[in-house]
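Read through the structure below, which is laid out as structure tokens, and then see the notes.
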Amino acid sequence: MGKPKTERRLADNEARAVLRNLRTSPQKLNLVAAMIRGKPAETALAELTFSKRRIARDVKKVLQSAIANAENNHQLDVDRLVVAEATVGKSFVMRRFRPRARGRVGKIVKPWSRLTVVVRETEEKA
């Protein structure tokens, strides 16, 4: 006996990829994620390729993973994929301390993020 299989949380025409523990602040990551939301997958990949932001490389890898999941695991057509969601969440925060004047301390926070990209196959337009 095992536990029963859980139902799929996404629709049949969707696939996703998740990246946990990404070493950047959620605020900076959300700027890059906002660039690709709602765009076709090919356009989003092109924008991420030529973006100047360091974190765009990691976002591109996650998008490529979501596209590969759609193609290989769910048999979706790659040419009709659209970035349905690109959500950013907070992960843990490393806290460091730096000595300051007169016996005080300055707190340094090093935030980490998580990124979830969902791609959806659109209906072909007539």
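The values are calculated or read from the model by the stated rules, or taken from the named source; none is laboratory data. All of these numbers come straight from a predicted model, not from anything done at the bench. Glycine gets a Cβ as well: all are built from the backbone with ideal geometry, and neighbour counts include every protein chain shown.
Among the numbered conditions (1) over 30 Å from Ile108 (Cβ atoms); (2) not in a loop (DSSP other than H, G, I, E, B), the only one that Asn21 does not meet is (1). Do we have Asn13 as modelled with pLDDT under 95, at negative phi and within 19 Å of the chain's Cα centre (by Cα) here? Against the criterion (modelled with pLDDT under 95, at negative phi and within 19 Å of the chain's Cα centre (by Cα)), Asn13 qualifies. Among the residues of the stretch 1-18, those identified as of a type in the set (D, E, K, R) and assigned to a loop (DSSP other than H, G, I, E, B) are Lys3, Lys5, Glu7, Arg8, Arg9, Asp12.
Being hydrophobic (A, V, I, L, M, F, W, C) and over 30 Å from Leu19 (Cβ atoms) is the filter here, so list the residues in the stretch 87-104 that pass it. Selection gives Ala101 alone.
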